[in-house]
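Every number in this text was worked out from the coordinates using simple rules, so none of it is lab data. These numbers come from a predicted model, not from an experiment. All Cβ positions, even for glycine, are placed from backbone atoms using ideal geometry, and neighbour counts span all protein chains on display.
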Amino acid sequence: MCRGVVLVFGTLYPAYNSYKAVKTKNVREYVRWMMYWIVFALYTVVETIADLTVSWFPLYYELKIAFVIWLLSPYTRGASLIYRKVLHPLLSSREREIDDYIVQAKERSYETMVNFGKQGLSIAATAAVSAAVKASADRSPCVCVCVCVCVCV
């Protein structure tokens, strides 16, 4: 039940309000919901870890629901409070380091994907050659020629 409540109140309701803010071009509401989504992203990471470690705590799920409602309430403006008091100062002080880390991660991920692609092609070529050798051993010259042509091309 908790997951459903968090999905509806923590995701669907804010998503619709974000849509309305963008549609009406209401900058004040747009900023409010952008701050919410930044805080909610952090909440999602913390929630994932907490679910694995402290979900046994009494009233844990009720506290999660109350926290999400506190975050998005127009009366408490919890997301705005957390963003302004905690996240904005933290991100501002570490912005350069985070940007550098993201650039490095992008470069490494590209290199990793290229290497992964090369390994995949190598495995495919090996499998094709093995199939060709097996086909020639089975005396199926047509299959052997087709596989060899595909590998060579």
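Of the chain, which part is the longest with no chymotrypsin sites (Phe, Trp or Tyr not before Pro) in a loop (DSSP not H, G, I, E, B) and with at most 16 other C-beta atoms within 10 angstrom?
Working: sites that count: W56, Y75.
By the stated rule (loop sites, at most 16 other Cβ atoms within 10 Å), 76-153.
Taking semi-axes √(5λ) of the Cα gyration tensor in Å straight from the coordinates, which label in (1) 24, 17, 16; (2) 38, 18, 14; (3) 53, 21, 18 is the correct one? Given (1) 24, 17, 16; (2) 38, 18, 14; (3) 53, 21, 18, the structure-derived one carries the label (3). Of V129, V46, V103, the residue with the greatest mean-square motion in the GNM of the chain, using alpha carbon springs below 10 Å, is V129.
Build a GNM of the chain with springs between Cα atoms under 10 Å apart, and of K25, K134, K85 the one that fluctuates most is K134.
Its relative contact order, with pairs defined as Cα atoms under 8 Å and 6+ residues apart, puts segment 2-76 at 48 percent.
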